[in-house]
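Okay, so here's the structure we're looking at.
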Amino acid sequence: MRRFLDLMDIRKFRWWVQLFGFVLFVYGANFGLVLDQDLPTFACPYVDGRSGNCILFVLQHRLTIPLDQVVTMRGLGLLMALVGFFIWFVALSKSWCGFMCPMGTLQDAIAALREKMGIPYSTYAKPTMAKLGKIKWVLLSLLLLIPLAMANALPGVGKLSHEWATPFCMICPSRTLLPLFSGDFSQLGLDLSSIPKLVLTGLGLLVTGAVLVGAFVKKRFFCLFCPMSALHYVFSKLAFLKLIKEPDKCTRCGNCYRACDVGIHEIAEDLEHRNLTTQNCLLCLDCISACPEEDCLKLTFMGKPLYRSTELGFFKRHSNESK
Amino acid sequence: MSVLDRICNEFPDNPKAMGRFYRFFEQRHQGQADWGPAGTRIGTACVQVPEELIYAVGATPERLCNGAYTFDQIGSEFLPIKSCSLVKATHGVLAMQNRPDRLPLVVLPTTCDQKKKSGVLLEDMGYHTWVMEMPPYKDTPEAVEYWRASVAKLAGELERTTGRKITKKGLRDALAKTQAAKAQYRRFHQLRKLDPAVIWGKDAFLVTNSYFFAPIEDWTDALSQLNDELEKRRDTGTSLGGKKAPRVLFTGSPPIFPNLKVPLMIEELGGLLVTDEVCSSTRLLYDAPAPVEEGKYEWVESIADRYLKPCTCPCYAPNEDRKRKLARLVEDFAVDGVIYQSLSGCQLYEFEQKPVERFLAERGIPMLYLESDYSPEDQGQLSTRIEAFLESLKTKKRKRKL
Amino acid sequence: MLRLILWSLLLTPWALQAEPLRLSLDPPGAGSQKASYESSHAPKMMRKYWVHGQAENLSAQLLTADGVQHPLVPVQESGASYLSFKTGFMDGPLHGVNQLYAQSRRVEGPDLRVETAQWYNVNHSCGWGHPFRAEPEGLAPKASGIDGLELLVEHLWDGNLHKSTEAGDQLQITALLKGKPVAGVELAVTTGSGWSKGLVSDEQGRAQVQLIGDYFPGDWSRFKARHQSSLLITARYQSLQAGTFENQPYQSINYQTSLPWNFTPERSGYQKYETGALLGFGGFLASGLGVFFWRFKRRRW
């Protein structure tokens, strides 16, 4: 078992899990598969056949709550949503992103198309990554604050119009792209009914176009800005799954960085921290499968190693035998 | 008595599978001087030249670094007297053979100043040389880009020289060859960790040195046989050198056949060379690229990265990775002491001697620093110092056991 | 708006006799104000509905989604009656439709007038959490079997428990008499703007009508996608059945029923797929060209 895990090609395994996740979150309910409504992944509520709801949608919805009602049933509802999210999140941690997210799978498919076409992918330098990394926190704060401002009057400004409801969903490319897979093109509409709706849907459509291009040239482009990733990171210290690196064993060969779809520089360069479940990390485990050092990178579940880098596994996966 | 005789006949318990490696050297050093694989050969002057690209154009790399005193002396006529023996010998052998037709291209990475400048002199002799520009740092993104560009330019030059394009298929086959070699080397590396040891360090140096010129498939096959035999030794409990023998790590300027003066001396005086951190051995074969996509761009880039990022050559201004690598090796191989050799005139290794010694001292590992060259004159002085060092290691080891 | 409804009702020939009995959120006499409408998402511990029209021998009941009938006692307040019932967290089945009925009976001339006022709402508050997708069964009004004429309308809410009726929609109405489909019921669908359409139910008691758009604010900036237009469905049926009611004889029974509802402007009126897709494609093209030129500019080798 140990040997089988060490030698396995995690990338193939992951691709199959991803396809399963995609079918689950786009068509699941049609087969009667219903998980939950507070899922820590892009189970987009605009897709009819989804088998769950994205927590971000739920949060935006629930946060439209007057502050004086926080300690009532409504506040409890909000709390329960967070608890539900945490229960789903705690065991699998960020591997929701790497293994389950339908939007991630879609981007991976676009990247595979690019690979077939022989076009090189882009990478971002560390300072660029640091700058881009802030965007997801801005998006997360906005998606939490705008609903609050809809229910609570700001001094001098008053309440925000309800036309701003679920602001992140309106600009999220999952809303526009995922329903297409069940033949629903209605989300491509530009909503002219009010200025906020026009701004949000217009922005959403521009983002969609840009993300399609982005995912083509940069692997997992949207994941760099994803507020879900930020929300995950807030709770990731408490989650059971962790990506651990033994700095002593690292030769800084950079193979892990090459394998990383989001391009986390720290995975190869950081020699101080053991827990490298960083904010952009998808826990896709590609870095582990690309590491040639015995036990240097590993995925642990409550401290116990589940999958680790091995010399033997590395050379089996990278023997480059002609096909 | 030749060095090869000493290696083959003076030690007990040579593994049978070493015979194939001994023969590589017999053919090369006692038979035909240019013995090696058929076809176009590309001369490489340093460990940083990406061999995968050379295989991809259907040629074979031949590492030119030379260890013969005779050529050292010939080289002295062309190069400054204080240059290091390795550079002089390498230059000497090329000057003496003077057959630019045999090597259509000589690739020189700009590692140290001496190699850089001697490359220019080679050009005067009629050799077609190609200088691979190397960044003096390896950690900045600019350095990585610069080096990748340098590797890509080499790819272009290789295509021009051989008249063959680097194709996806060519790269895939090249990588298959080198990855197989490295996989075997990793196996070998692990077997050398065993305590008690199953192979002498001098044999290990022959294994890695023969990678310079032996046909890669033969080499891989021979090493695989050797590994099988060593595994049997491990299982049957055959061991070398006895339990008291101090386990020594060799680092510094590369010992290249036939200049195995210091390594041989260590083992003849009762030490055991369990591992090394030199560019003719571990640094040459340990690291392997891991391309994640199928494509020329990805393969060339990942190959470029493999020659830059994990490299611990002292030509990089800050070289913390070398210290970390040494610490790793010391721990993994249960090393008792480190022997650090600088070839006289090799400034880079001389510069790093002090910081490395301090680093090891902090971890309680004694280090012996030796300065030597290819001449046999300093043998007496060296052997006295090595013997004393090994004695102190033995005493320390005995005390630790008590 | 309310006046408009009244006027329009008065203008329909068969309704000339009197204003039908109906339920409203507003008390009678609040005439000049805009008719209130009910959000299915706002939490309410108690709901209260005023009875409009001529109410005599008023009786009332509530049918909850679990199929249980709850008799209600009308309350008199300042000359009008209202019905109220609890809609707190555990009052009744969650996320199911509540069907409220008020009935008035009186003998008028040769007729017994049995007037029914209906109201639909969903027992739901966002604070209780949303079901993953509301059960369609729970959201389909059920036949109550009430002694009178009853209207069932389909597809009034979407899976998220939002009222989902839009202009342009086909309203599917079924008329039941004492729980059984009945043909020949005269129906009228009247919107707040005064538009009205008469229908007659078929053998299965069914009738359908397409709602027109009646909301045109003129100025784009004043347009509200959530604008609620009011709607009143009324039904009338004459049954030649003689009898006595409270010692008064009658020759036939005149059944009348009303059901108020709201609808929003149609989505296709303000959502432009062509424009949207074009904008998305524009974003695609712009970023594609951007990336292309960026790469072209810094092509290294």
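The values are calculated or read from the model by the stated rules, or taken from the named source; none is laboratory data. Only a predicted model underlies this, so the values are computations on that prediction, with no experimental measurement involved. We place every Cβ from the backbone using ideal geometry, glycine too, and count neighbours over all the protein chains shown.
The table that follows gives values for the structure above.
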{"read-out": "Residues of segment A:266-292 that turn out to be buried (at least 19 other Cβ atoms within 10 Å of the Cβ) and within 11 Å of chain B (Cβ to nearest Cβ), as a count", "value": "7"}
{"read-out": "Meets criteria (away from chain A (no Cβ under 14 Å), charged (D, E, K, R), touching an Asp or Glu at 6+ places or on another chain (Cβ under 9 Å) and part of a helix (DSSP H, G or I)) for B:E350", "value": "yes"}
{"read-out": "Scope segment C:213-232; condition within 18 Å of the chain's Cα centre (by Cα) and not hydrophobic (A, V, I, L, M, F, W, C); matching residues", "value": "C:G213, C:D214, C:Y215, C:R226, C:H227, C:Q228, C:S229, C:S230"}
{"read-out": "Residues located in segment C:164-184, provided they are in contact (Cβ under 8 Å) with a residue 60 or more places away in the chain and under 20 Å from C:Q238 (Cβ atoms)", "value": "C:I173, C:A175, C:L177"}
{"read-out": "A:I244 within 22 Å of B:D321 (Cβ to Cβ), touching a strand residue (DSSP E or B) at 6+ places or on another chain (Cβ under 9 Å) and assigned to a strand (DSSP E or B)", "value": "yes"}
{"read-out": "Residue list for segment A:274-319, filter: under 15 Å from A:L243 (Cα atoms) and aromatic (F, W, Y)", "value": "A:F301, A:Y307"}
{"read-out": "Residue in segment B:329-339 that is hydrophobic (A, V, I, L, M, F, W, C), at pLDDT 95 or above, part of a helix (DSSP H, G or I) and surrounded by fewer than 24 Cβ atoms within 10 Å (Cβ to Cβ) present", "value": "yes"}
{"read-out": "Test: residue in segment B:181-197 that is farther than 27 Å from B:G43 by Cα, small (G, A, S), surrounded by 17 or more Cβ atoms within 10 Å (Cβ to Cβ) and touching a residue at least 40 places away in the same chain (Cβ under 8 Å)", "value": "yes"}
{"read-out": "Residues satisfying the stated conditions in segment C:185-240, i.e. closer than 24 Å to C:E150 by Cα and either free of Cβ contacts under 8 Å to residues at least 12 places away in the same chain or among the small types (G, A, S) (or both)", "value": "C:A188, C:G192, C:G194, C:S196, C:G198, C:S201, C:G205, C:A207, C:S229, C:S230, C:A235, C:S239"}
{"read-out": "Test for A:S309: is it without any contact (Cβ under 8 Å) to a residue 60 or more places away in the chain, crowded, with 23+ Cβ neighbours inside 10 Å and of a type in the set (S, T, Y)", "value": "yes"}
{"read-out": "Yes/no for A:S193 being hydroxyl-bearing (S, T, Y), within 10 Å of chain C (Cβ to nearest Cβ) and either in a helix (DSSP H, G or I) or touching a Gly at 6+ places or on another chain (Cβ under 9 Å) (or both)", "value": "yes"}
{"read-out": "Qualifying residue in segment A:295-311 (condition: in a helix (DSSP H, G or I), within 14 Å of chain B (Cβ to nearest Cβ) and under 17 Å from A:H265 (Cβ atoms))", "value": "no"}
{"read-out": "Filtered residue count, segment A:192-234, keeping only those that are touching a Lys or Arg at 6+ places or on another chain (Cβ under 7 Å), crowded, with 23+ Cβ neighbours inside 10 Å and either more than 16 Å from C:G282 (Cα to Cα) or β-branched (V, I, T) (or both)", "value": "3"}
{"read-out": "Identity of the residue in segment B:137-177, polar (S, T, N, Q) and assigned to a loop (DSSP other than H, G, I, E, B), that ends up nearest to B:E320 (Cα to Cα)", "value": "B:T140"}
{"read-out": "Failed condition for A:R175, given (1) surrounded by fewer than 16 Cβ atoms within 10 Å (Cβ to Cβ); (2) away from chain B (no Cβ under 14 Å); (3) basic (K, R)", "value": "(1)"}
{"read-out": "Selection count where residues are hydroxyl-bearing (S, T, Y), over 24 Å from the mean Cα position of the chain (by Cα) and within 14 Å of chain C (Cβ to nearest Cβ), scope segment B:131-165", "value": "1"}
{"read-out": "Hits in segment B:275-327 (condition: outside any helix (DSSP H, G or I), of a type in the set (G, A, S) and at the interface with chain A (Cβ under 7 Å from one of its Cβ atoms))", "value": "B:A288, B:A290, B:G295"}
{"read-out": "Meets criteria (in contact with a strand residue (DSSP E or B) (Cβ under 7 Å, 6 or more places away or on another chain) and part of a loop (DSSP other than H, G, I, E, B)) for C:Y215", "value": "yes"}
{"read-out": "Within segment A:8-37, tally of residues that are at pLDDT 95 or above and either hydroxyl-bearing (S, T, Y) or on the phi > 0 side of the Ramachandran plot (or both)", "value": "0"}
{"read-out": "Qualifying residue in segment A:154-161 (condition: free of Cβ contacts under 8 Å to residues at least 60 places away in the same chain and part of a strand (DSSP E or B))", "value": "yes"}
{"read-out": "Count of segment C:251-261 residues which are surrounded by 19 or more Cβ atoms within 10 Å (Cβ to Cβ) and either of a type outside the set (A, V, I, L, M, F, W, C) or touching a Pro at 6+ places or on another chain (Cβ under 9 Å) (or both)", "value": "6"}
{"read-out": "Conditions (1) crowded, with 21+ Cβ neighbours inside 10 Å; (2) without any contact (Cβ under 8 Å) to a residue 24 or more places away in the chain; (3) under 15 Å from B:L103 (Cα atoms); number of the one not met by B:G39", "value": "(1)"}
{"read-out": "Residue within segment B:11-20 that is within 27 Å of B:G345 (Cα to Cα), in a loop (DSSP other than H, G, I, E, B) and not acidic (D, E) present", "value": "no"}
{"read-out": "Within segment A:106-133, considering residues that are small (G, A, S), within 9 Å of chain B (Cβ to nearest Cβ) and not in a helix (DSSP H, G or I), the one surrounded by the fewest Cβ atoms within 10 Å (Cβ to Cβ)", "value": "A:G118"}
{"read-out": "Residue satisfying condition, being within 19 Å of A:N280 (Cβ to Cβ), facing chain C (nearest Cβ under 7 Å), assigned to a helix (DSSP H, G or I) and not β-branched (V, I, T), within set A:A230, A:A215, A:A210", "value": "A:A210"}
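Residues are listed down the side, and each one gets a yes or a no for (1) under 20 Å from C:R226 (Cα atoms); (2) charged (D, E, K, R); (3) not in a loop (DSSP other than H, G, I, E, B):
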| residue | (1), (2), (3) |
| --- | --- |
| C:R113 | no, yes, yes |
| C:R133 | no, yes, no |
| C:D147 | no, yes, no |
| C:L151 | no, no, yes |
| C:L161 | yes, no, no |
| C:T174 | no, no, yes |
| C:T190 | yes, no, yes |
| C:S193 | yes, no, no |
